[in-house]
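Single-structure report; data block below.
Since every read-out is calculated from the coordinates, none of them should be taken as a lab result. Please read all numbers here as calculations on a predicted model, not as lab measurements. Quick reminder, even Gly has a Cβ in these numbers, built from the backbone with ideal geometry, and neighbours come from all protein chains shown.
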Amino acid sequence: MSAQNTGTPRTNEHGQPIGPALPGWTPRPRPAADQLRGRYCTLERLDVERHADDLYATYSAAPDDSDWTYLPVGPFGSREQYRDWARRQAQNDDPWHYAVVDASTGRAVGTLALMRQDPSNGAVEVGWVVFSRAMQRTPLSTEAHFLLMRYVFDELGYRRYEWKCDSLNAPSRRAAERLGFTYEGTFRQAVVYQGRNRDTTWLSVLDRDWPQAKKGFEAWLAPENFDADGNQRSALRTR
């Protein structure tokens, strides 16, 4: 249920400006889906026995550890270290972790999660985005985000979908903006991780933004948008 800005704020009985009314608003459900299926990938609730070995193998195939620079964990020195971490995460309800499973191979190639869940206000954050080199810059990476956004807005009925990243992580911010997120500001000295400071960039997609973004995702992900070599014919347009 979106609150539309009409330009002139409402006022209360004291003449004070107040926000748009949300008649009938009720708290939203928490994430609970075990599987979100797409054309190129499926999001499956993280399971150590099904996914951890594939994930460790694909992360370890990277030529360097730069994918872990802006994450609070990793890189993992052994398969067992990663399995132990994944086992703890799989037991959480918040974050609610998904493995991204490549539809063409059946192998897990990345993860992402719904976290900082706020059902009362209809807000949730996408986080723990750890996409291996095997899925970066492929339709899988875009579709994985689309499947999660569609679930949050169309099925759960949330009003706000957040993305946060280190303010120095320019690729993360570019990825968010490509996916339709709007920059909202930077929280200075917000986090201490990896023994260093993090200023945190905040971005969001609102429910009123979603219909246009959804059309853009569906058009971009359509098979006819890719040539025989898998190259896109048209760029993603979410605004």
Subject >> Size-normalised alpha-carbon gyration radius of the stretch 29-225, reference 2.2 N^0.38 Å >> reply: 0.98
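In percent, what relative contact order does the chain have, based on Cα pairs under 8 Å that are 6 or more apart in sequence? Each step should come with its number before you reach the end.
Details: 389 pairs, mean separation 39.5, N = 239.
Over the chain, the number comes to 17 percent.
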Original post:
For the stretch 139-239, what's the radius of gyration and Dmax over Cα atoms, in angstrom?
Top reply: 15.3, 47
Original post:
When the dipole is taken about the Cα centre of the stretch 114-239, and only Lys, Arg (+1) and Asp, Glu (-1) are charged at their Cβ, what size is it in debye, to the nearest 20?
Top reply: 380 debye
Subject >> Residue-wise HN-Hα coupling along the stretch 8-24, computed from phi with Karplus coefficients 6.51, -1.76, 1.60 (Hz; x: Gly, Pro) >> reply: 10, x, 5, 10, 8, 5, 9, x, 8, x, 9, x, x, 6, 10, x, x
**OP:** About the Cα centre of the chain, how large is the charge dipole given +1 on each Lys and Arg Cβ and -1 on each Asp and Glu Cβ? Please answer in debye to the nearest 20.
**Re:** 500 debye
**OP:** Would you pull out the residues with amide H under 5 Å of residue 182's amide H, same chain only if 5 or more places away, H placed 1.01 Å from N?
**Re:** 204, 205
Subject >> Span from the the stretch 14-41 Cα centroid across to the the stretch 140-195 one, whole angstrom >> reply: 16 Å
**OP:** Return 236, 168, 43 ranked ascending by Cβ neighbour count within 10 Å, so the fewest neighbours appear first.
**Re:** 168, 236, 43
